[in-house]
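The values are calculated or read from the model by the stated rules, or taken from the named source; none is laboratory data. Note that this is a predicted model, so its numbers are computed, not measured. Cβ sites come from the backbone with ideal geometry, for glycine too, and all protein chains shown count toward neighbours. Heads up: the accessible areas ignore ligands, DNA and RNA and are worked out on the full protein's heavy atoms, side chains in. Shrake-Rupley method; radii C 1.70, N 1.55, O 1.52, S 1.80 Å.
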Amino acid sequence: MLKEQRLDHTSEPTLQDLGEALIITYGTDFGVHSPTWISRFTDMTRQAASYRHGRVLLAGDAAHVHPPQGGQGLNTGVQDAVNLGWKLALVVNKTSPSSLLDTYHAERHPVAARVLHNTMAQVALNSPDDRHQALRDTMTELLSMDEPRKRFAAMMSGLDIHYDLGEGHPLLGRRMPDLDLVTATGPLRVFTLLHDARPVLLNLGEPGGFDITPWADRVRSLDAKYVGTWELPVIGAVTAPTAVLIRPDGYVAWVGDPTRLGLADALTTWFGPPTAT
């Protein structure tokens, strides 16, 4: 990335523009040639105050813009769309009340705000003066250590996102790991279960421990086993749960056991009221 001297450009950047910017910055254009892609961007940082206004919903670049450091814009926008998509489908199909759409803003707005915050920090790190060079040197030293590197990697990849769904198991509100499960019909990866965009109640305890018949038309129930360590980004190893309710976007909406405390509430909150039997 190079900082241009002028801001009044009205056309797409050219190879000549790139060469001139390299000469100004480094004293040479390094013989640059045959670029695959050249783009111009600013350090603008903006976020919509609300992602929902009645029937109008904002996602991706319409909801937030920021410099492209770390390549976080695409990931954030796609996760916006996935978070919104399954909720919108339930409301459009009259399975859930329209209030479900309010959780879209509640969950995704803080995520984008954090992305904007860290991209602004990265812009500051790119400033050319001696004080910012000292800051870059300090950050480089920090990122040579395992713990800071893991935290920054999880933040920039979005793997450390934690939606506030209340107190409980560390999995609650976090992305479900893509485990290699063993089922009655053979091995299966967790994310394969989400390909049809339906929520899944994954029972890892004694088979047949859950009856979710009133939600069977919209929630899949599966008995499975997993032998191995449960590990989450940044947090590390966590206690293996007995059962998890996984939303279509891959985030865990409930963690529990066959006593089923809170399960009916979680099913109703995220996937609509039970069907009368």
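A few notes on this one:
- Cross-chain or 6+ apart pairs with Cβ under 7 Å, the stretch 170-190 first and exposed (fewer than 15 other Cβ atoms within 10 Å of the Cβ), then of a type in the set (V, I, T) and in a helix (DSSP H, G or I): D178/V190
- For the stretch 223-245, taking the residues that are in contact with a Phe, Trp or Tyr (Cβ under 9 Å, 6 or more places away or on another chain), in contact (Cβ under 8 Å) with a residue 40 or more places away in the chain and over 18 Å from D160 (Cβ atoms), the one that is surrounded by the fewest Cβ atoms within 10 Å (Cβ to Cβ) is identified as T239.
- Qualifying residue in the stretch 158-172 (condition: farther than 25 Å from V78 by Cβ and assigned to a strand (DSSP E or B)): no
- Checked against (1) in contact with a strand residue (DSSP E or B) (Cβ under 7 Å, 6 or more places away or on another chain); (2) under 17 Å from W270 (Cα atoms), N93 passes all but condition (1).
- Candidates I38, I23, filtered to the one that is touching an Asp or Glu at 6+ places or on another chain (Cβ under 7 Å), more than 30 Å from P248 (Cα to Cα) and either of a type in the set (V, I, T) or in contact (Cβ under 8 Å) with a residue 24 or more places away in the chain (or both): I23
- Per the conditions (1) open to solvent by less than 40 Å² (accessible area, probe 1.4 Å); (2) in contact with a helix residue (DSSP H, G or I) (Cβ under 8 Å, 6 or more places away or on another chain), the sole criterion not satisfied by S98 is (1).
- Tabulated pairs, the stretch 266-277, first at pLDDT below 95, second open to solvent by 60 Å² or more (accessible area, probe 1.4 Å) and outside any helix (DSSP H, G or I), C-beta under 8 angstrom, 6+ apart or interchain: T275/D217
- Among residues of the stretch 122-151 that are closer than 28 Å to M44 by Cβ, those with a Cβ under 8 angstrom from a residue that is among the β-branched types (V, I, T), sequence gap 6+ or separate chain, pair up as R151/V234.
- T275 vs. criteria out of contact with any Phe, Trp or Tyr (no Cβ under 8 Å at 6 or more places or on another chain) and open to solvent by 10 Å² or more (accessible area, probe 1.4 Å): no
- The one condition in (1) of a type outside the set (A, V, I, L, M, F, W, C); (2) within 30 Å of Q72 (Cα to Cα); (3) in a loop (DSSP other than H, G, I, E, B); (4) open to solvent by 90 Å² or more (accessible area, probe 1.4 Å) that E206 fails to fulfil: (2)
- Scanning the stretch 219-237 for residues that are outside any strand (DSSP E or B) and within 25 Å of the chain's Cα centre (by Cα) turns up V219, Y226, G228, T229, P233, V234, I235.
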